[in-house]
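Visitor: Sharing a structure here in structure tokens format.
Taken together, the values in this text are just the output of simple stated rules run on the coordinates, not laboratory data. From a predicted model like this one, the values you see are computed outputs, not experimental measurements. Using ideal geometry, Cβ is built from the backbone for each residue, glycine included, and neighbour counts are taken over all protein chains shown.
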Amino acid sequence: MHAFEYLSVLLSIVLGLGRTQLLTAIGRWLELRGEIKPHAPTALWAAFLLLVYVQTWWAMFALRDMTSWTFLQFATVLARPALMFLLSSLALPGPLSPEKDLKLFSNGAGSGSCRSSWPCWR
């Protein structure tokens, strides 16, 4: 087993957890569509995050040619999926969130998701 194959497992797990977080929130939104007031920018942000997850997973494949990895290099590569997981946690209300208006949510707790995303796009 090469180093990339070994390290890509953890990267894939973190990316998978983030996608699961986001898709679960979207499913909850669809399930409670009669109670939750939609907000187009919030929905677009969630869709954009899903697209970025796929792009990130695809871009990680380019690292397969690296034969030697240091912990710092791996931690740096792992930082992006970890930050994306946190962004997904803030993108849509969680199951314990009392907020049923996505516009109010995105202006409150959810505002951290879009505003804090700038390190992902370097």
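Visitor: At most 13 other Cβ atoms within 10 Å and a DSSP loop assignment: could you name the trypsin sites (Lys or Arg not before Pro) in the stretch 63-107 that fit? Before the final figure, lay out the partial values.
Guide: On the way: sites: Arg64, Lys100, Lys103; in loops: Lys100.
Listed in order of number, the matching sites are Lys100.
Visitor: So what are the three principal axis dimensions of the stretch 3-121 from its Cα atoms, in whole Å, longest to shortest?
Guide: Computed over the stretch 3-121, the largest-to-smallest principal extents equal 52, 25, 21 Å.
Visitor: For an R0 of 35 angstrom, estimate the FRET efficiency from the Cβ-Cβ distance between Glu35 and Leu86 and round to the nearest 0.05.
Guide: Details: r = 26 Å, r/R0 = 0.74.
Efficiency, from the Cβ-Cβ distance: 0.85.
Visitor: Let me ask something additional. Using 0.36 nm per residue of separation minus the Cα-Cα distance, give me the extension gain between Asn107 and Leu10 in nm, one decimal.
Guide: On the way: separation 97, 0.36 × 97 = 34.92 nm, distance 3.27 nm.
The span from Asn107 to Leu10 would gain 31.6 nm if fully extended.
Visitor: Taking Cα pairs under 8 Å and at least six residues apart, what relative contact order does the stretch 5-102 come out at, in percent? Mind showing how you got there, number by number?
Guide: Numbers: 67 pairs, mean separation 55.6, N = 98.
About 57 percent, as a whole number.
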